[in-house]
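Read the structure below first, then the notes.
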Amino acid sequence: MVLCVTVAGQDTTASSLSWFVYMMCKHLHIQEKIAQEVREVINLKDDPSVDELAASLDQEALNNMQYLHATLSETIRLYPSVPMNARMCFSDDTWPDGFSVKKGDMVVYQPYAMGRMKSLWGDDAEKFRPERWLDKNGLFQDESPYKFIAFSAGPRICLGKEHAYTQMKIISAVLLVNYIFKLADEKKIVNYKTMVSLPIDGGLYVKASPRLWHAKP
Ligand code: HEM
């Protein structure tokens, strides 16, 4: 069980965080907005140490980070760490659209492609827009797992989904409150490596500079 949780939970969360940092570098205003949200949620007045900040991130605080939750979901929609998945048919069946499958057929579905389909996400499907996950009050609205398929759906849905969000929110909150991230080389093309998971090919090189809250006007 420990091996299962480690294998299922490590590379998936790690690559999602890499793509999240990449998206933050590409959208500096979103990076800023998340840092602000974290500070407001935990009511930060001074510049706390990393340890003090991490200690204040309890479950209630994390639940209140709606924009951060939306931004992580938007990252995983576009960069699902399981980009392709498959199921074996147990019996002959006819799907709602009339397509027939036979017992033993392998059916492959692609979260990477599904996350970018205009028929599912609208004309701006390829645009990174965390707001698509928020209602008019700024509260996170989850999607059906059959549409946001990155964690799979049904009886074999990812068991660690909530845990993954908790980990990713803690790490990204601590990082973004303390640092501003920029790409080390803006001209370098960032692409994925074709694998079972979706790591960034060659890794992601970034510059992190301290986010100086008190130096701001
Ligand atoms: C962003 C992070 C993650 C993503 C995108 C993700 C995605 C997935 C997907 C697509 C599956 C289905 C695999 C299949 O159909 O064979 C799955 C299964 C699973 N995941 Fe995750 N996962 C993530 C993080 C985690 C974490 C952190 C844990 C554990 C702490 C975890 C534990 C599991 C387990 C145990 C299964 C197997 C469930 C079963 O077959 O009944 N995952 N995950």
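The values are calculated or read from the model by the stated rules, or taken from the named source; none is laboratory data. All figures in this text were calculated on a predicted structure; none of them were measured in a lab. Don't worry about glycine lacking a Cβ; one is built from the backbone with ideal geometry, like all the others, and counts go over all protein chains shown.
Please work out if Ala150 is at pLDDT 95 or above, aliphatic (A, V, I, L, M) and more than 14 Å from the ligand (Cβ to nearest atom).
no
Looking at Ala61, is it surrounded by 11 or more Cβ atoms within 10 Å (Cβ to Cβ), among the small types (Gly, Ala, Ser) and without any contact (Cβ under 8 Å) to a residue 24 or more places away in the chain?
yes
Show the residue pairs meeting these rules: Cβ distance below 7 Å; 6+ apart or different chains; first residue within region 151-162 and more than 16 Å from Tyr109 (Cα to Cα); second residue near the ligand (Cβ under 6 Å from one of its atoms).
Listed pairs, sorted by first residue: Gly160/Val5; Gly160/Ala8; Gly160/Gly9; Lys161/Phe151.
Kindly indicate which of Leu78, Leu139 is surrounded by 15 or more Cβ atoms within 10 Å (Cβ to Cβ) and touching a residue at least 12 places away in the same chain (Cβ under 8 Å).
Selected residue: Leu78, the only one of Leu78, Leu139 that is surrounded by 15 or more Cβ atoms within 10 Å (Cβ to Cβ) and touching a residue at least 12 places away in the same chain (Cβ under 8 Å).
Looking at this structure, is Asp11 in contact (Cβ under 8 Å) with a residue 60 or more places away in the chain, within 14 Å of the ligand (Cβ to nearest atom) and out of contact with any helix residue (DSSP H, G or I) (no Cβ under 6 Å at 6 or more places or on another chain)?
yes
Where residues in region 33-47 are in contact (Cβ under 8 Å) with a residue 60 or more places away in the chain and of a type outside the set (Val, Ile, Thr), which of them is farthest from Gln59 (Cα to Cα)?
Asp47
Would you point out the residue of region 159-174, among those that are of a type in the set (D, E, K, R) and either closer than 15 Å to Ala61 by Cα or in contact with a strand residue (DSSP E or B) (Cβ under 7 Å, 6 or more places away or on another chain) (or both), that is nearest to the ligand (Cβ to nearest atom)?
Glu162
Of the conditions (1) out of contact with any Phe, Trp or Tyr (no Cβ under 9 Å at 6 or more places or on another chain); (2) within 14 Å of the ligand (Cβ to nearest atom), Ser119 fails just one. Which one is it?
Of everything listed in (1) out of contact with any Phe, Trp or Tyr (no Cβ under 9 Å at 6 or more places or on another chain); (2) within 14 Å of the ligand (Cβ to nearest atom), Ser119 misses just condition (2).
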